[in-house]
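Worksheet: one structure, shown below.
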Amino acid sequence: MSQALPATIPASLFEQRADAIADAARELSVLGWTPATSSNFSMRVDADHAAITISGRHKGRLGRDDIMLIDLDGNAVGTDARPSAETALHTQVYRRWPEMNAVLHTHSRTQSVASRLFAADGAVRLQGWELQKAITGYHTHESVLEIPVFPNTQHMPELVARVDAWLDAGKPLHAYLIDGHGIYTWGRDMAETQRHLEALEFLLDCELDLKKLRAS
Ligand SMILES: [Zn+2]
């Protein structure tokens, strides 16, 4: 492994995180949500570090060597590998919420189409779906689950600023879409994050079907 670790991080801890990321990536790849080496995944390692997928690798075939250590400013630690281009969106989650430990970002067909369709509204407003309760903190289908859609850009500080502005306005945030691009969601552990992602995919699929059927 070309990953050298700081003395404070045991190899077993990094390997546990790398394996959890690779396992999740394999499952999401089988579902077709990570086409053509897109998507990126991370897990917090400690208060100052996260493990993240190395840029450009096929997400269905990740091993420990495809995961690298970064600090929460997005710098590579103990390796000359290049982290995902969107690393700043992962570290933003870990910096804002000390209790969050995993971030998943995928590019499924449903996420991509929904992001285009709802971009003009600036958000997808989900209400009336039982599965909203799969999102931590939601206890009834009657609540409104708002998923913002931010404009796509290759300039990450712009996206980071949009997420910050949403949060600084006091609005709840469990996930966001990026127009024509995909979705970001997070959680306290990998299982919760996977549940969020799966529920959001299902809910977006339902919204798209409903739109189609109502239009026909
Ligand atoms: Zn992406």
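Assorted remarks:
- Failed condition for HIS58, given (1) open to solvent by 30 Å² or more (accessible area, probe 1.4 Å); (2) within 14 Å of the ligand (Cβ to nearest atom); (3) in a loop (DSSP other than H, G, I, E, B); (4) in contact (Cβ under 8 Å) with a residue 24 or more places away in the chain: (2)
- Verdict on THR8 being among the hydroxyl-bearing types (Ser, Thr, Tyr), within 16 Å of the ligand (Cβ to nearest atom) and surrounded by fewer than 16 Cβ atoms within 10 Å (Cβ to Cβ): no
- On the stretch given as the stretch 38-55, residues that are more than 13 Å from the ligand (Cβ to nearest atom) and either in contact (Cβ under 8 Å) with a residue 40 or more places away in the chain or at positive phi (or both) total 5.
- Of all the residues in the stretch 23-37, those that are open to solvent by 20 Å² or more (accessible area, probe 1.4 Å) and either within 13 Å of the ligand (Cβ to nearest atom) or not in a helix (DSSP H, G or I) (or both) number 6.
- Where helices (runs of 4 or more DSSP H) fall entirely within the stretch 81-192, those with at least 1 residues that are open to solvent by 40 Å² or more (accessible area, probe 1.4 Å), in contact with a Phe, Trp or Tyr (Cβ under 9 Å, 6 or more places away or on another chain) and not acidic (Asp, Glu) are at 109-118, 156-168.
- Residues of the stretch 145-183 satisfying the condition of being in contact (Cβ under 8 Å) with a residue 40 or more places away in the chain, within 15 Å of the ligand (Cβ to nearest atom) and of a type in the set (D, E, K, R): ASP179
- Every residue from the stretch 150-198 that is charged (D, E, K, R) and within 28 Å of VAL30 (Cβ to Cβ): ASP179, ARG188, ASP189, GLU192, ARG195, GLU198
- Residue selected from the stretch 193-203 under the condition within 15 Å of ARG125 (Cα to Cα) and in contact with a strand residue (DSSP E or B) (Cβ under 7 Å, 6 or more places away or on another chain), by the criterion surrounded by the fewest Cβ atoms within 10 Å (Cβ to Cβ): LEU203
- Flag if ARG64 is closer than 20 Å to ARG26 by Cβ and open to solvent by 60 Å² or more (accessible area, probe 1.4 Å): yes
The values are calculated or read from the model by the stated rules, or taken from the named source; none is laboratory data. All figures in this text were calculated on a predicted structure; none of them were measured in a lab. Heads up, the Cβs are rebuilt from the backbone with ideal geometry, glycines too, and the neighbour counts pull from every protein chain shown. In case anyone asks, the SASA skips ligands and DNA or RNA and just uses the protein heavy atoms, side chains included. Shrake-Rupley method; radii C 1.70, N 1.55, O 1.52, S 1.80 Å.
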